[in-house]
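First the structure, in the form of structure tokens, and then the observations on it.
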Amino acid sequence: MGGVIARGGSRDGTPGGSTPSQARCGGPLIVTEDVELLDDLLRLCAAAGARPEVHHGGPERAGAWDAAPLVLVGDDAADRLRGAKRRRGVVLVGRDQDDSGVWRRAVEIGADHVLVLPDGEQWLVDRIADVAEGVGRPALTVGVIGGRGGAGASTLACALAVTAARAGRRTMLVDADPLGGGLDVLLGGETAEGLRWPAFAASRGRVGGEALEESLPELHALRVLSWDRGDAVAVAPEAVRAVVSAARRRGGVVVVDLPRRVDETVAEALEQLDLCLLVVPPELRAVAGSRRVASAAGLVLRDLRVVVPAFPRGLGGLEAEEVAGLLGLPLAGEVPWEAELVAAQTAGVPPGGAARGPLARFCTAFWDRMPVDAPGGGV
């Protein structure tokens with residue numbers, strides 16, 4: 001039972017003689033007298049990296065019931081907790097698949113969920129891990145996808161991430177396009193130390209948000225998950241789901257650069273976006289190609305908006321409002337032309353790195369309109 005924070009009180013009021021800081025660590029509260037069930041719950045807590053506080057008949061320590069972020073009540077203890085104060089985050093855990101009375105007992109103690117082991121083990125591990133990780137408000141997650149090749153989607157994705165980080169927000173940039181050459185190159189960090197996608201290609205289940213963040217290269221005050229320059233590696237859909245979920249749990253801002261094709265793997269990323277920007281140059285051929293991209297992505301996305309890059313005078317021919325109207329999508333804005341962008345990148349300045357440049361100003365205005373907490377949002 002290593003790692004358990006007590007079953008009773010100590011003289012200083014802290015369970016099991018642990019220090020006050022340990023008592024405030026935010027682990028789940030377990031209430032059960034079923035020894036076998038307790039062993040299973042302790043095993044699941046260990047798998048999730050959480051240190052639980054355990055009580056038998058009911059929480060002896062004043063405030064334990066109210067303070068715990070998650071309460072796991074064994075089915076054997078439900079009757080003893082009928083008079084407990086109602087609160088959120090209570091899970092009634094049992095073993096008998098055929099016991100219909102478990103739902104009645106769950107209602108009596110105000111449980112949010114009923115869980116039967118062993119079938120619900122993975123769900124419970126994920127829930128406990130959320131508690132251990134201190135999950136708060138999830139990151140605002142924005143995808144960027146090109147309506148055609150060369151539309152500037154990767155450049156915009158980098159600029160959005162760079163400007164969000166410069167504003168003090170916790171920011172992660174995820175490169176979901178294996179054929180794009182690597183966003184770390186676009187940011188001038190191809191030799192930076194840290195993991196790339198091949199390290200996560202076979203991930204299953206849960207990926208720790210903090211561990212993910214700390215393992216990635218840090219460039220321009222943001223974390224980047226990019227591709228390396230090795231042979232192509234197939235990333236399983238489950239791995240994309242796990243990685244993007246972990247990034248979102250860290251809060252702040254996540255920007256995802258997406259390929260134009262939508263397959264099962266890309267769909268896993270699309271499902272976790274709060275909104276997606278479709279970059280469509282102001283020309284009829286680009287609009288025609290973008291309609292197909294929008295149709296495929298729209299099957300998964302909840303919020304798809306158009307961004308139109310401004311072309312030099314004499315090129316394109318369509319107004320931004322016309323592009324959005326032809327696609328039947330809301331217009332998120334027109335990205336101004338920045339003639340010095342390529343030269344700046346050659347000099348080591350990333351897209352959006354020039355704070356007073358047209359691209360950076362557009363991205364800053366975009367974030368100002370989004371429901372992201374002020375600098376440090378989500379942290």
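Take region 341-370 and flag every residue that is part of a loop (DSSP other than H, G, I, E, B) and closer than 15 Å to PRO309 by Cα.
If the condition is that a residue be part of a loop (DSSP other than H, G, I, E, B) and closer than 15 Å to PRO309 by Cα, then PRO351, GLY352, GLY357 are the ones that fit.
Tell me which residues, restricted to region 212-238, are touching a Ser or Thr at 6+ places or on another chain (Cβ under 8 Å) and either assigned to a loop (DSSP other than H, G, I, E, B) or crowded, with 20+ Cβ neighbours inside 10 Å (or both).
Listed by number, the residues that qualify are PRO217, ALA221, LEU222, ARG223, VAL235, ALA236.
Out of curiosity, is VAL185 open to solvent by 50 Å² or more (accessible area, probe 1.4 Å) and in a helix (DSSP H, G or I)? If you could, list the steps in order and put the result at the bottom.
Numbers: open to solvent by 50 Å² or more (accessible area, probe 1.4 Å): yes; in a helix (DSSP H, G or I): yes.
Judged against the criteria, VAL185 is a match.
Taking VAL256, is it outside any helix (DSSP H, G or I), buried (at least 17 other Cβ atoms within 10 Å of the Cβ), of a type outside the set (S, T, N, Q) and at pLDDT 95 or above?
Answer is yes for this residue.
It is to be established whether one or more residues within region 83-91 are free of Cβ contacts under 8 Å to residues at least 24 places away in the same chain and of a type in the set (A, V, I, L, M, F, W, C). Explain how you work it out, then say what you get.
We begin by selecting, within region 83-91, every residue free of Cβ contacts under 8 Å to residues at least 24 places away in the same chain; these are 83, 85, 87, 89-90.
From the residues that got through so far, the ones that are of a type in the set (A, V, I, L, M, F, W, C) too are 90.
So far as region 83-91 goes, yes, one or more of its residues are free of Cβ contacts under 8 Å to residues at least 24 places away in the same chain and of a type in the set (A, V, I, L, M, F, W, C).
Quick grid of which residues meet (1) closer than 24 Å to CYS363 by Cα; (2) touching a helix residue (DSSP H, G or I) at 6+ places or on another chain (Cβ under 7 Å):
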site	(1), (2)
ARG249	yes, yes
GLY252	yes, no
LEU258	yes, yes
THR265	no, yes
LEU270	yes, yes
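Residue check: is ARG169 in contact (Cβ under 8 Å) with a residue 40 or more places away in the chain, within 21 Å of PRO336 (Cβ to Cβ) and in contact with a Pro (Cβ under 8 Å, 6 or more places away or on another chain)?
Considered against the rule, which asks whether it is in contact (Cβ under 8 Å) with a residue 40 or more places away in the chain, within 21 Å of PRO336 (Cβ to Cβ) and in contact with a Pro (Cβ under 8 Å, 6 or more places away or on another chain), ARG169 comes out as no.
In the set GLY317, GLY352, GLY328, which member is at positive phi, open to solvent by 40 Å² or more (accessible area, probe 1.4 Å), at pLDDT 90 or above and not charged (D, E, K, R)?
Result: GLY328 is the single residue among GLY317, GLY352, GLY328 that is at positive phi, open to solvent by 40 Å² or more (accessible area, probe 1.4 Å), at pLDDT 90 or above and not charged (D, E, K, R).
The values are calculated or read from the model by the stated rules, or taken from the named source; none is laboratory data. Keep in mind the model is a prediction, meaning the values are calculated, not measured. No Cβ is skipped: glycine too gets one built from the backbone with ideal geometry, and neighbour counts run over all protein chains shown. Please note that ligands, DNA and RNA were not included when accessible areas were found on the heavy atoms of the full protein model with its side chains. Shrake-Rupley method; radii C 1.70, N 1.55, O 1.52, S 1.80 Å.
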